[in-house]
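A short write-up of the structure that comes next.
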Amino acid sequence: MSNLLPGRAIGTPYERLDGELKVKGTAPYAYEQPVQNPLYLYPVLSTIARGAVERVETAAAEAIDGVFTVLTSETTPRLEDPSDRELAVLQDNAIGYRGQIVAAVLAESPEIAREAAAAVTVTYTEEPFSAQLRADHPELYAPEELNAGTPTDSSEGDVDAAFDTAALKIDQTYSTPAEHNNPLEPHATVAQWDGAVLTLWDSTQGVHAVKGTLAQVLGLEEEQVHVIAPHVGGGFGSKGMPHVHVVMAALAAQVTDGRPVKFPVSRQHMYTLTSHRTPTLQRIRLGAADDGRLTAMSLDIVEHTSRIKEFAEQTPAPFRMMYAAPNRSTTTRLAPLDIPVPSWMRAPGECPGMFGPEVAMDELAAAAGLDPIELRRRNEPEVDPETGNPWSSRHLLACFDLGADRFGWDRRVTRPRSVQEDGWLVGLGTASAVYPFMRQPSNTARIRYEQDGIYSVQIGAADIGTGAWTALTQIAADALDVPIDRIRLGIGDTAFPAASVAGGSSGTASWGGTIIAAARAFRADHGEHPSPGAQTEANAPEDPEAENLALYSFGAHFAEVRISSDTGEIRVPRMLGVFSAGRIINPRTARSQFLGAMTMGLGMALHEQSVLDPRFGIFVNHDLAEYHIPTNADVLDMEALWIEDVDEHAGPLGARGIGEIGIVGSAAAIANAAYNASGIRVRDLPLTPDKFL
Ligand code: MOS
């Protein structure tokens, strides 16, 4: 399509424009914002999972030198809209989970606040609670719909009948554990009231999302809330919507006579206050003919949610569209538990939702005596099986072909537990990756010509460490047909036009498409030689064609696994991901995104697991000493490649997004390699050494 923006800066591997600031430690993050005379907030968290606060004894804390006040449900200002029980902090005495805020100390230093919090005494009335996910949980229910508007259940044909008569059958249950987002920069909010105007310096993936939610709960006009987030040290979804600490900081700053309040959420407190990935139980049935062609496929999912707020992941989404089969069904049921509120974590839904299915495909390949790539080739759908829509661009098999060649897939020995080297069992595995392109329509960009060839380009986007700042500058430069040093990009501030959240891998493509629209409008308004001060705003372009297309990115993961036959120690010496994600704006930052997501996939495969103790309703391993993520010693030869794939159906940018697809399927590839190495099929993540003994 001729609408495509030609690339000059686009496609060039520029270094991050914000890299030097970050490396030198001068890029200001939320907590570091230089505000005058702040108070520091430290929360007191509930030690029961369900019930009510009976009494909060604050006198001892308030007697400590430097304590400003201790807020309780009696002294905390009221919210206008307390209906979101995750955000309705200190509005009543009800306890919905262990680790909920039951009081908050404001003090002259973080150390005093923390000491005083320990001096607060809380007594409770306890009620029975439930904190264990089970497939037969007595309160299981079907949510009205899943996130992103995904239907809860789906059905086509007659799965039971087709499965009964299938020549080849897989019927297994897989599980993924709860996990926690651990961005390098913990959540932090600085709140300050100036009369009726609230300013928040917040570590967030979307300043406008914070503004909208805070205006709603506080009963303010949106103009009364100003949110600023120039630099953000990661989020992975947990900063995609404001959590309770943001509301807490805003309410606390109402009692300080205008002094700002800084609420740095500690790493430990993030394990209850700022969300987690829901665990999943996935019963999968695959029925196939002798030649491996699927005739029946079903996925029945059980997950947990918090009783105080529903969160229903779109876990079955990739299963529904990935492979062709005439008879298909999916169901999703939730167990409401008395636990912290789950939310987004990198590729929410798709990531856990591809683990079971991609391991099941490996099991089917073994049952059919087929190479796992050949099995996927035989089940490649011509159109989206769920909607019947044609693919905008489906290059899954091209990813497998390139990956197989580069990885040396032909060296894989089909029979498991066949290769031993120096006491290590060695195996290779593969799995598919997929992620939808969720173009966000509610975006606006502003372009102003300053002088001397300089253009200001403003949009309330966020760079959460992805390189979006750099990529958007490249896009703006090409859209205005000027060198990148002529662009002054403004993001991370609600003073700029409204933009969608840096989430769903949609940011750069959605914001970038809007910047292109604004640049085209600017040229139409002001020509090639604008006067200083010339300015144009434009909204995201309409794209009616996209509604009738299935827009997805695809990929293929390859992993080599070595397992010690003595100790079960498991290592991943090689990982390769090959992706088809539309146009790549900046190859350097894109590769980092893919590798970062694959590293997170390695963590999902081998390490990550939030252990919920059902006796107490608490995640017991709530810090980085006990919640393990991959370190340098775990990440060995890892590489990401992509195939040329400018998606002409993905707007003038031709890009679909790269943030999340790198994690989807990666843990399955490792589990499949572990089976090839050991002959032991592990269906429950993570792949800890005990499972191979
Ligand atoms: Mo990502 S979990 O959509 O921020």
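Read-outs throughout are calculated quantities, based only on the coordinates presented, and are distinct from any laboratory measurement. In this text the structure is predicted, and so the values were computed from the model without any measurement. So basically every Cβ, Gly included, is an ideal-geometry build from the backbone, and we count neighbours across all protein chains shown.
A few points about this structure:
- Put simply, the amide H of Asp684, placed in the peptide plane, has neighbours under 5 Å in Ser175, leaving out anything fewer than 5 places away on its chain.
- Take the convex hull of the alpha carbons in segment 606-693; its mean projected area over all directions comes to 9.6 nm².
- Principal axis analysis of the Cα atoms in segment 300-340 yields extents of 39, 13, 9 Å, listed in decreasing size.
- Legend: helices of the chain (whole DSSP H runs) are marked when their alpha-carbon atoms reach 20 angstrom or more along the helix axis and their mean Kyte-Doolittle hydropathy is at least 1.6; nothing is marked.
- Inter-part distance where segment 367-384 and segment 496-531 are each reduced to a Cα centre, Å: 41
- Total formal charge among the other residues, if their Cβ is under 14 angstrom from that of Leu4, Lys/Arg +1 and Asp/Glu -1: -3
- Sorting the Cα pairs of segment 411-560 by distance into bins of 5 Å, from 0 upward, gives 2, 9, 16, 17, 13, 10, 7, 5, 5, 5, 5, 4, 2, 1, 0 percent per bin.
- Our Cα-only numbers for segment 351-408 put the radius of gyration and Dmax at 12.8, 36 Å.
- Here the Karplus curve 6.51 cos²θ - 1.76 cosθ + 1.60, taken at θ = phi - 60°, turns the phi angles of segment 255-272 into couplings of 10, 10, 6, x, 6, x, 10, 9, 10, x, 7, 6, 4, 5, 5, 4, 6, 10 Hz, with x standing for Gly and Pro.
- Taken along its three principal axes, the alpha carbon spread of segment 246-289 comes to 73, 18, 11 Å, from the longest extent down to the shortest.
- Restricting attention to segment 125-238, close to 65% of DSSP beta bridges with both partner residues there are antiparallel.
- Rg(Cα)/(2.2 N^0.38 Å) for segment 474-632, N = residue count: 1.50
- Of all DSSP-defined beta bridges confined to the chain, some 75% are antiparallel rather than parallel.
- Neighbours of Tyr124, meaning other residues whose beta-carbon lies under 15 angstrom from its beta-carbon, give a summed charge of -3 when Lys and Arg score +1 and Asp and Glu score -1.
- Calculated translational diffusion coefficient of segment 115-246 (25 °C, 0.890 mPa s; Stokes-Einstein with Kirkwood radius over alpha-carbon pairs) equals 122 µm²/s.
- Across all Cα atoms of segment 160-312, the radius of gyration (one decimal) and Dmax (whole number) stand at 22.6, 75 Å.
- Pairwise label distance in nanometres, Ala94 with Ser442, each label 7 Å out on the Cα-Cβ vector: 2.6
- Here each label is just a point 7 Å from Cα along the line to Cβ, and for Arg411 and Glu626 those points are 4.1 nm apart.
- Rounded to whole numbers, the Karplus 3J(HN,Hα) couplings from phi for segment 625-631 are 6, 10, 9, 8, 10, x, 10 Hz, using 6.51 cos²θ - 1.76 cosθ + 1.60 with θ = phi - 60°, and x at Gly and Pro.
- The chain, helix-only ellipticity at 222 nm - DSSP H runs n ≥ 4, -39,500 (n - 2.57), divided by all residues, nearest 500: -7000 deg cm²/dmol
- GluC sites (Glu not before Pro) restricted to segment 12-103 and DSSP loop, no more than 16 other C-beta within 10 Å: Glu15, Glu74, Glu80
- When only alpha carbons are used to place a centre, segment 567-644 and segment 405-429 end up 22 Å from one another.
- When Rg and Dmax are taken over the Cα atoms of segment 527-574, they come to 26.3, 74 Å.
- Under the Debye formula (equal points on every Cα, no solvent term), log10 I(q)/I(0) of segment 1-159 at q = 0.08, 0.09 Å⁻¹: -0.50, -0.60
- Remark on Asn621: its backbone amide H falls under 5 Å from those of Val611, a criterion applied only to residues 5 or more positions apart or on other chains, H modelled at 1.01 Å from N.
- Over segment 188-264, the pair-distance histogram of Cα-Cα distances with 5 Å bins from zero comes to 3, 19, 31, 28, 14, 5, 1, 0 percent, rounded to whole numbers.
- Computed over segment 234-391, the range of Cα coordinates on each principal axis works out to 74, 31, 26 Å, biggest value leading.
- Cα-Cα pairs of segment 313-388 separated by more than 15 Å (percent): 64
- Other residues within the sphere of radius under 15 Å centred on the Cβ of Lys262, judged by their own Cβ, net out at -3 (K and R +1, D and E -1).
- Inter-centroid distance (Cα atoms) of segment 259-316 relative to segment 19-80, Å: 30
- All C-alpha to C-alpha distances of the chain, sorted into 10 Å bins beginning at zero, yield P(r) values of 3, 15, 24, 25, 19, 10, 3, 0 percent in whole numbers.
- For segment 1-62, the gyration tensor built on C-alpha atoms gives a prolate shape. Its axis ratio a/c (a ≥ b ≥ c) is at least 1.5, and a/b is the larger of a/b and b/c.
- Linear extension gain, Asn539 paired with Glu80, 0.36 nm per residue minus alpha-carbon span: 162.1 nm
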